[in-house]
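Notes to accompany the following structure.
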Amino acid sequence: IPEALKKFGADRLIAENNALSARVAFLETRIREVEAGRVFLAGDSAKTAVVVSIPPQSPYDIITIGAGGEDGAQKGEKVFAGQVLLGFVDEIGEHHAKVKLISYPKLATEAFLEPHSLNITLEGYGGLNMVFMAPQDLEIKIGDRVISNTSPAYLIGEVGYIKSKESEPLQTVYIRPPVNLRHLRFVEIRP
């Protein structure tokens, strides 16, 4: 470092420059995630939290987030990835929380099969899957959307697979959220 720069605090300026560069890199990543629709822009009652762990590091169909009681998170609040309802805050620590995904085994969630205007009850099946039973004569298609029975309604998932036998009166419909947890960095928590 030239002698002239030392008297102006070059070390301090270099440290500030490094800190600002790191902040810019973080904000650029955040902007890309928002533009890709992976997270909401935080509203008045929304809290954004970083995803700390996903399955298999955490138990299946549970994710850990970096917001807890000290950060304003409360048990029972909804957790979203973009416009997709993922689950609910289940356990709270000081600065972390466990989120039980709606695909958690045997967890029942009231929903609405959009193309057929049909109220359904999804049952968590594990591995990010949910299932419901429907009559064989109901023409459900891969990609049909399932939304929440709330106002406003949120996307829960899409039909990913249908298992049916002509000898049985009901078909089993598997729903998956259109979110890849491996690409999920932030979630939004809402009341």
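The values are calculated or read from the model by the stated rules, or taken from the named source; none is laboratory data. The shown structure was predicted, so the numbers you read here are calculated from the model rather than taken from an experiment. Counting neighbours? That spans all protein chains shown, and the Cβs are built from the backbone with ideal geometry, glycine included. The area values use the complete protein model at the heavy-atom level, side chains included, leaving out ligands, DNA and RNA. Shrake-Rupley method; radii C 1.70, N 1.55, O 1.52, S 1.80 Å.
Numbers for the structure displayed
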quantity: Residue (of Val159, Phe112, Leu181) at the positive-pole extreme of region 104-191, dipole from beta-carbon charges; calculated: Leu181
quantity: Residue-span extension gain [Val52 to Arg145] - 0.36 nm each, minus C-alpha spacing; calculated: 30.6 nm
quantity: Histogram of C-alpha separations across region 72-180, 5 Å bin width, %; calculated: 2, 12, 22, 24, 17, 10, 6, 4, 2, 1, 0
quantity: Chymotrypsin sites (Phe, Trp or Tyr not before Pro) restricted to DSSP loop in region 58-132 with at most 15 other C-beta within 10 Å; calculated: Tyr60
quantity: Accessible area (Å², per residue) of region 58-107, counting only protein heavy atoms and a probe of 1.4 Å; calculated: 45
quantity: Vicinal HN-Hα couplings computed from phi for region 142-152 (Karplus, 6.51 cos²θ - 1.76 cosθ + 1.60; Hz; Gly/Pro x); calculated: 4, x, 4, 8, 10, 10, 6, 8, 10, 10, x
quantity: Sorted peptide list for 155-164, 69-78, criterion being average Cβ within 10 angstrom, highest first; calculated: 155-164, 69-78
quantity: Pairwise FRET efficiency - Ser21 versus His183, Cβ, R0 = 22 Å, nearest 0.05; calculated: 0.35
quantity: Carbon plus sulfur fraction of accessible area for region 88-162, probe 1.4 Å, in percent; calculated: 52
